[in-house]
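Remarks on the structure that follows.
The values are calculated or read from the model by the stated rules, or taken from the named source; none is laboratory data. Keep in mind that what you see is a predicted model, and the values were worked out from it rather than measured. With ideal geometry, Cβ positions are generated from the backbone for all residues, glycine too; neighbour counts draw on all protein chains shown.
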């Protein structure tokens, strides 16, 4: 009688052992419980770094806003300044071409594009990257003077040297005046690459103000 009553218990033990073995094989050979599906989809640190500050205006294109923000961080330029230049140059039109042959968002002349590594002026990343590098170079050359850097961007740094200031060209003077007015600063700190955020007092916050239509 004792042997007969112990048989169901023995079968349960065997079934439990079989189930454990099956679970082991399942998890090791299929990776079910270790699948990326169960992993966090966004790293918290990366998410914070990619959060665009609330007070930055937007082009209306989230991808372009990220491109501008990242370029600014890489080259020590306030993204607000880049936005102001792009607005004046092309109104965010990536296919814009001037009568002089300047191309893309930041209206790069062919020689300037080559000089700062832009092989395709119509490519958003390449154009913004090269234009931001040029702005960084000009700000360093003119010791953070926004007016002189902008004059150099518009008329060439040689013209700024020749006149020892903003050249007496009406186009250049209007260009400088409008961007300085929109940007709101006549001085930009010259900082090492990657330090634009602390230098410009950018604070990552949720939400974003719309910048569309706020420039002259």
| field | Residue list for region 101-121, restricted to those being at pLDDT 95 or above and in a loop (DSSP other than H, G, I, E, B) | value | 101, 102, 104, 105, 106, 107, 109, 116, 117, 118, 120, 121
| Positions within region 124-149 being free of Cβ contacts under 8 Å to residues at least 24 places away in the same chain and more than 18 Å from residue 160 (Cα to Cα), in sequence order | 126
| query | Which number in (1) assigned to a loop (DSSP other than H, G, I, E, B); (2) in contact with a strand residue (DSSP E or B) (Cβ under 8 Å, 6 or more places away or on another chain); (3) surrounded by 15 or more Cβ atoms within 10 Å (Cβ to Cβ) marks the one condition that residue 127 misses? | reply | (1)
| query | How about region 130-171: which of its residues are over 16 Å from residue 186 (Cα atoms) and either in a loop (DSSP other than H, G, I, E, B) or at pLDDT below 95 (or both)? | reply | 156, 164, 167, 168, 169
| query | Taking region 153-191, which residues are surrounded by 19 or more Cβ atoms within 10 Å (Cβ to Cβ) and either over 18 Å from residue 78 (Cα atoms) or not assigned by TED's automatic domain parsing to the domain that holds residue 83 (or both)? | reply | 154, 155, 160, 166, 167, 172, 175
